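Derivation of every value follows stated rules applied to the coordinates shown; laboratory data play no part. Just so it is clear, the model here is predicted, and its values are computed rather than measured. Using ideal geometry, Cβ is built from the backbone for each residue, glycine included, and neighbour counts are taken over all protein chains shown.
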Amino acid sequence: MTSKNTFGLAKGDRLTWRYEVLERIGAGTEGEVYKIREKATGLTRAAKLYFETKEKTAPVFIRHARKLDALRDCDIVVKYLHAEEVWINDRFIYCMISEYFEGALLEDLLKTYRGRRMPAFEALSLIYTLTIGIEEIHARKEFHGDLHKGNIFVERMGVFFKLRTIDFHDWGRTPATERRSDILCVARLLYDLVGGRAHYQKQPQAIRDICMGNRSDLILKKFPTVFHLRAHLETFEW
């Protein structure tokens with residue numbers, strides 16, 4: 001490890017006897033994500049390496065893996081494959097192997113837009129896709145817990161968006177509270193996609209009717225469940 005914030009793996013480095021590194025594709029507080037190739041088949045995968053030792057990471061890692069497996073039928077959830085123990089920097093760490101999704105992080109996609117903000121209709125289209133995905137998760141009595149621009153992968157498909165979410169988080173609150181938090185995060189994402197505070201007053205009513213001035217109380221009063229948000233997105237008038 002070259003620093004506490006990176007493993008410094010380069011193209012061609014081995015990741016156990018089964019995989020080789022292709023490139024680094026992301027990082028967060030828990031670890032780094034690399035694009036890797038399975039040597040035996042040539043198939044491309046993604047590997048999340050956790051910074052802490054496996055002893056410190058174990059509870060979070062196991063909970064995360066089990067949650068991904070339980071939600072494997074949800075289209076928006078990255079598909080978990082299996083776990084590996086990797087020897088790096090004289091210690092074992094956990095490595096989570098999952099599907100590789102051909103898309104860009106939402107925060108990187110935004111950089112390609114003028115002013116780093118989406119047109120209203122495009123932002124609403126993306127939020128609708130996200131809402132449908134979160135509704136699937138909530139229908140299973142689960143939650144995401146950490147929705148933001150840095151853990152949503154986006155792929156364009158014609159006039160549609162295909163999404164994958166990563167890095168679920170449990171803040172130790174009740175599941176009902178976590179699900180309400182997901183709704184607030186979706187509304188906040190829409191707020192950010194169209195330019196945030198600097199551009200909010202110029203947004204069409206369709207945007208403001210969801211973001212509600214970024215007030216949590218008003219958002220949850222109007223959308224007590226993600227079902228209500230999805231129904232609104234399908235029926236509102238411009």
Legend entry - Proximal aspartates and glutamates relative to Lys111, as straight alpha-carbon distance under 16 Å, when same-chain residues fewer than 8 apart are discounted: Glu122, Glu155, Asp192
Legend entry - Helical mean residue ellipticity (222 nm; -39500 (n - 2.57) per DSSP H run of 4+; nearest 500) of the chain: -11500 deg cm²/dmol
Inset, instruction - Rank Thr225, Thr29, Thr53 by mean-square fluctuation in a GNM of the chain with C-alpha springs under 10 angstrom and give only the top-ranked residue. - result: Thr29
Legend entry - FRET E, pair Arg156, Phe236, Förster distance 22 Å, beta-carbon r, rounded to 0.05: 0.40
Inset, instruction - Within region 22-57, list the trypsin sites (Lys or Arg not before Pro) lying in a DSSP loop whose Cβ has at most 12 other Cβ atoms in a 10 Å radius. - result: none
Inset, instruction - Could you tell me which trypsin sites (Lys or Arg not before Pro) in region 113-172 are loop residues by DSSP with no more than 10 other beta carbons within 10 angstrom of their beta carbon? - result: Lys141
Legend entry - Alpha carbon Rg of the chain, scaled by the compact-globule rule 2.2 N^0.38 Å: 1.07
Legend entry - Restricting region 139-172 to chymotrypsin sites (Phe, Trp or Tyr not before Pro) in coil, as DSSP defines it, with at most 16 other Cβ within 10 Å: Trp171
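Take the alpha-carbon positions of region 14-99, form their convex hull, and give its projected area averaged over all directions (one quarter of the hull surface) in nm².
5.7
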Inset, instruction - Could you work out how far apart the two model spin labels at Glu85 and Ser125 are, taking each label as a point 7 Å from the Cα in the direction of the beta carbon, and quote it in nm? - result: 4.8
Legend entry - Given charges at beta-carbon only (K, R positive; D, E negative), |dipole| of region 14-99 in Debye: 80
Inset, instruction - Please state, rounded to one decimal and in Å, the Kirkwood hydrodynamic radius that region 94-198 gives when every pair of distinct Cα atoms enters the mean of 1/r. - result: 14.5
Legend entry - Unit charges on C-beta of K, R, D, E only; dipole of region 104-235, Debye: 440
